[in-house]
Amino acid sequence: MADWIARVSAWTIPMLIAFIPLYAALRKVPVYETFIDGAKDGFQTAIAIIPHLVGMMTAIGMFRASGALDAIIGVVRPLLEAIGVPSQVLPLALLRPITGAGSLAFVTDLIKTEGPDTFAAKVAATIQGSTDTTLYVLTVYFGAVGIRNARYALKVGLFSDFVGFFAAVAACWLLFGMG
Amino acid sequence: MVNWIWLGMIVVSVFVGAANGRLNEVAEAAFGGAQTGVTVCLGLISILVFWMGLMKIAENAGLVRLLSRLMAPIVRRMFPDVPPDHPAMGYILSNMSANLLGLGNAATPMGIRAMQELQKLNRQPGVATPAMCTLLALNTASITLVPTTMIAIRMNFGAIHPADIVAPTLLATAVSTGAALLADRWYRHRSGPPRAAGKRIGNGPAASSPSAPASLGGGG
């Protein structure tokens, strides 16, 4: 089962890279020109992230260097490790629903300090990639049409983040074991 | 909120650093963090340029429309109070298809158009309808096929197989989307007709986090 799922990782990207241009060519889309046209936006997007990531990486780097991060993690470590959650990823659970740039910076910092192939880094990358910034989505979507009473939408979003956190840990256990 | 988190981290770092006698390390980390931030973003250029080129092909080939048609029968059941031929349904389907393909920049405008159409069906403007809450639940959980940003960052730091997080990400995103839909259903039945008083949210993006561009969100 786990072996079969792991193949999804290996196949998804090559299949998309082959299927999308092929399908487009059959629909008579000039694939190469379209590729170049779209690719221009990628540069802009990467550059636009710089201020966000610099601001957040600075704060998170300082927080780690001061020893405050370790102090917080140390408190909850026994509890989390008893249930198989790598304690280093806990701050991510708090940051992820609130700030997209902050959680991205945290994951980047974690990958840098722990190494990209450690279990904690894989769990963190999975959490970051599998959900969106709940508060940001709520504000943009409801703000756009002037909804002031969001009713239960925030609770639903946070509940799904909570479930997603443990689902990410479980999925990494299933596929990678405690690497 | 983000303002306070950011300020809090910096101020706490300086005080805790002083108490631990690590002020030098804290100062170095500030500049080191800034440097890593820039390096990582420059490293993202390669993958983002490639992926957004590919996604432009997907968009122009009508893959969003194809996916929308495939998902229509399921999605209609998620929005029982939206008439199937209402324009809102079309935008909801486009929003979900674009999200699935990781077209963050296309998904957000579609989602906002969907909200505007749903607002026309809303008898109490200012209060979210059940359909709006369901659309929001789907977007906060955000099913994405390929977490491009995360793959790129792992690649930058020399991961052996940067893409091996695709499968766990798919599993986790499926579970959290399922949880979001179930919770949404539960609250929808429990709460009945909307009440006037309730939780208030900020008005417009300016009131909230200066969060990164939409494409940062789902890792896409």
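Bear in mind that the values in this text are calculations on the coordinates, not laboratory data. All of these numbers come straight from a predicted model, not from anything done at the bench. FYI the Cβ positions are ideal-geometry reconstructions off the backbone, even for glycines, and counts take in every protein chain you see.
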Using packing as a proxy for protection, rank B:102-112, A:93-103, A:140-150 so that the peptide with the highest average count of other Cβ atoms within 10 Å comes first. A:93-103, B:102-112, A:140-150
³J(HN,Hα) across segment B:92-100 via Karplus (A = 6.51, B = -1.76, C = 1.60, θ = phi - 60°), whole Hz, x for Gly/Pro? 4, 5, 4, 4, 5, 5, 5, 4, 4
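For segment B:9-111, divide the Cα radius of gyration by the Kirkwood radius and give the resulting Rg/Rh value with two decimals.
With Rh from the inverse mean 1/r over Cα pairs, Rg/Rh is 1.31.
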Contact order normalised by residue count of chain B, Cα under 8 Å, 6+ apart, percent: 23 percent
Show me the ranking of peptides A:52-59, B:160-167, B:35-42 by mean Cβ neighbours inside 10 Å, starting with the highest. A:52-59, B:160-167, B:35-42
Using a Förster distance of 45 Å, the FRET efficiency for residue B:86-residue A:174 (Cβ separation, nearest 0.05): 0.65
When the Cα centres of segment B:16-87 and segment A:12-71 are compared, how far apart do they sit, in Å? 7 Å
Order by protection proxy (mean Cβ within 10 Å, highest first), peptides A:124-133, B:44-53: A:124-133, B:44-53
Length-normalised contact order of segment A:48-176, Cα under 8 Å, at least 6 apart, in percent, tallies to 25 percent
Here the FRET efficiency for residue B:69 versus residue A:10, based on Cβ atoms and R0 = 30 Å and rounded to 0.05, is 0.55
Within 10 Å of each Cβ in B:61-68, the average number of Cβ atoms from other chains: 3
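Considering every residue in A:18-30, what mean count of other chain Cβ atoms within 10 Å of its Cβ is obtained?
Going residue by residue through A:18-30 and averaging, the value is 4.
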Per the Kirkwood formula on distinct C-alpha pairs, the Rh of segment A:24-102 is how many angstrom? 16.2 Å
Longest principal axis of chain A (C-alpha) makes with the long axis of helix A:134-144 (C-alpha) an angle, in degrees to the nearest 10, of 50 degrees
Computed label-point distance, nm, for sites residue A:72 and residue B:31 using a 7 Å Cα→Cβ extension: 2.6 nm
What angle, in degrees between 0 and 90 and rounded to the nearest 10, separates the Cα long axis of helix A:68-82 from the longest principal axis of the Cα atoms of chain A? 90 degrees
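Need one value for B:108-116: mean number of C-beta atoms belonging to other chains within 10 Å of its residues' C-beta atoms.
3
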Does chain B come out rounded, prolate or oblate, given a ≥ b ≥ c as the square roots of the eigenvalues of its C-alpha gyration tensor, rounded meaning a/c under 1.5 and, failing that, prolate meaning a/b above b/c? oblate
Please report, to two decimal places, log10 I(q)/I(0) for segment A:48-176 at q = 0.11, 0.13, 0.22 Å⁻¹ as given by the Debye formula with identical point scatterers on the Cα atoms and no solvent. -0.42, -0.58, -1.34
In Å and whole numbers, how far do the C-alpha atoms of the protein assembly as shown stretch along each principal axis, longest first? 66, 53, 40
